[in-house]
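Notes follow the structure.
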Amino acid sequence: MTRFNFDVITLFPKAFELINNLGVITRALEKNLINVNLHDLREYGEGNYRQVDDKPYGGGSGMVLKPEPIYKAHDSINKLPNSKTLLMTPQGKVLKQQDLLRWSSLDQLIIICGQYEGFDERVRCLADEEVSIGDYVLSGGEIPAISIINGLTRLLPGTLGAPGSLIDESHNSSLLEYPHYTRPRVFKNMKVPDVLISGNHKEIKLWREEQKLKRTFNRRKDLMKRPPPN
Ligand code: SAH
């Protein structure tokens, strides 16, 4: 089995310690299904102070990541044949499950994390795709990068205990997933729907399909390609 490589350019490599405590992702690291190489931007900084940021031309608040250290870090990465570079930015295309699926057949993702006010505009030339994880602004690209590592890794063969769980789940089709229940049958007066205990697999399947439509209609109409039947 080939290993998926993540190469991350970041000023805060320690933020990625989180992936050593994330269940499925941690197991994928242990099983060598993924490799996460962290490239500390500071090491590519300029001068004695390893400067990585500077004031914006034209004035304004905050600091901007300089282009040279990011280019040097990117150049230093060994590029595999099937590789893409992603730039984390709230100005990018909003991440979708389909993107994770699409990238999961690559060998390598190089992920550039911004900080402060962002990066010098010329850094954008390094990116194959600019990615936002949603319409809000975080202080750095580390959490967006971890989200991508997490979401993509669980799609890799051998990662999840039950591969079937990927088929039905929300955002894999245009519908949200149906509700789940486990024991006990009654909890604080809330009952598990009878159909799920009926043992009638046909009925269960129908109920789940109906729930998927209802849920999506009530919560995320925007995802639906066509309105549900009445
Ligand atoms: N001033 C910038 C935002 C800088 S936020 C602007 O208005 O566009 C600092 C860094 O955090 C960004 O460079 C980016 O790498 C990361 N970041 C913040 N929010 C993000 C989001 N929603 N998706 C992806 N990356 C984000």
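Which net charge results when you count Lys and Arg as +1 and Asp and Glu as -1 among the other residues whose beta-carbon is under 15 Å from that of LYS84? Let's see the in-between values first.
On the way: positive: LYS79, LYS93, ARG102, ARG124; negative: ASP7, ASP99, ASP107, ASP128, GLU129, GLU130.
Result for the local shell: -2.
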| field | the chain - charge dipole about Cα centre, Lys and Arg +1 at Cβ, Asp and Glu -1, debye rounded to 20 | value | 1340
| request: Distance between Cα centroids, the range 189-228 to the range 40-99: provide it in whole Å. | output: 44
| task | With springs connecting C-alpha atoms under 10 Å apart, model the chain as a Gaussian network and identify which of SER198, SER170, SER132 has the largest mean-square fluctuation. | result | SER198
| task | Could you work out how far apart the two model spin labels at GLN51 and SER104 are, taking each label as a point 7 Å from the Cα in the direction of the beta carbon, and quote it in nm? | result | 4.5
| Near LYS205, which aspartates and glutamates are there with a Cα under 20 Å away, not counting those fewer than 8 places off in the same chain? | ASP168, GLU169, GLU177, ASP194
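Which of LYS31/LYS221; LYS14/LYS93; LYS31/LYS202; LYS93/LYS202; LYS93/LYS212; LYS31/LYS191 have a Cα-Cα distance over 32 Å?
Values: LYS31/LYS221 39 Å; LYS14/LYS93 27 Å; LYS31/LYS202 38 Å; LYS93/LYS202 40 Å; LYS93/LYS212 26 Å; LYS31/LYS191 40 Å.
Beyond 32 Å: LYS31/LYS221; LYS31/LYS202; LYS93/LYS202; LYS31/LYS191.
Just the number please: accessible area per residue for the chain, 1.4 Å probe, all protein chains included, in Å².
Working: 14190 Å² over 230 residues.
That works out to 62 Å² for each residue.
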| note | Expected sort for 2-11, 96-105 on mean C-beta neighbours within 10 Å, highest first, is 2-11, 96-105
| Gain upon complete extension [SER76, THR26; 0.36 nm per residue less C-alpha separation] | 15.4 nm
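Counting pairs of alpha carbon atoms under 8 Å apart in space and at least six apart in sequence, what relative contact order in percent does the range 4-96 give?
Values: 82 pairs, mean separation 22.9, N = 93.
Relative contact order comes out at 25 percent.
The values are calculated or read from the model by the stated rules, or taken from the named source; none is laboratory data. Keep in mind it's a predicted model, so treat the numbers as computed, not measured. As a convention, Cβ positions derive from the backbone with ideal geometry for all residues, glycine included, and neighbour counts pool all protein chains shown. Note: accessible area is taken over every heavy atom of the protein model, side chains too, but ligands, DNA and RNA are not part of it. Shrake-Rupley method; radii C 1.70, N 1.55, O 1.52, S 1.80 Å.
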